[in-house]
Amino acid sequence: MKKIRLLYVEDSPFDSDLVNFHFEENAPDFNLEIVGTGEQCFKKLKENEYDILLLDNNLPDINGIDILKQLSVEKVPYPIVLLTLEGDEEGYVEAIRCGASDFIQKSKDYILHLHTDLKQVLESYI
């Protein structure tokens, strides 16, 4: 079975370690790569092919919305999911307007269903 190639852009070592552990334990069908900045994200996207991009909104060098804007101009052929803090409804609207396929809030248990949420996004992506 072909693994789902996921690029996860997250500057928080705590969050990226939690997601990495969760995927290792619960989502063996994903091949997860993690980078911590927008610059690293763009570099990886030029070097490799991915099936889905999971993008934290708060990065040290650029925010996720600005990355979305740039990638929407480039018309990337895969879904992009934006992660942001709970309660950021304005961020959701902005993300969808800028080309995100979906939006996931970092609730206390979002990691538990993250891999199934991402699979649903992939299945519904046109």
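Values as computed for the structure displayed
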| quantity | calculated |
| --- | --- |
| Per-residue ³J(HN,Hα) for region 77-85, Karplus 6.51 cos²θ - 1.76 cosθ + 1.60, θ = phi - 60°, Hz, x for Gly and Pro | x, 8, x, 10, 10, 9, 9, 8, 5 |
| Values of log10 I(q)/I(0), in the order q = 0.11, 0.12, 0.20 Å⁻¹, for region 4-124 under a Debye, Cα-only, solvent-free model | -0.31, -0.37, -1.16 |
| Sum of -39500 (n - 2.57) over DSSP H runs of 4+, divided by residues of the chain (222 nm, nearest 500) | -13000 deg cm²/dmol |
| Neighbour cut-off at most 13 other Cβ (10 Å), DSSP loop, GluC sites (Glu not before Pro), region 47-126 | 49, 86 |
| Mean Kyte hydropathy of -1.0 or more with a Cα span along the axis of at least 18 Å, helices from DSSP in the chain | 13-26 |
| Lys pairs under 25 Å by Cα in the chain, provided they are eight or more residues apart or on distinct chains | 26 |
| Evaluated over region 74-126, the Cα radius of gyration and Dmax, each in Å | 11.3, 34 |
| Estimated dipole of region 4-124 in Debye, rounded to 20 [Cβ of Lys and Arg +1, of Asp and Glu -1, Cα centre] | 380 debye |
| DSSP-defined antiparallel bridges as percent of all bridges, the chain, nearest 5 | 5 percent |
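Rule-based calculations on the coordinates, nothing more; no lab input. Please read these numbers as outputs of a predicted model, since none were measured by experiment. No Cβ is skipped: glycine too gets one built from the backbone with ideal geometry, and neighbour counts run over all protein chains shown.
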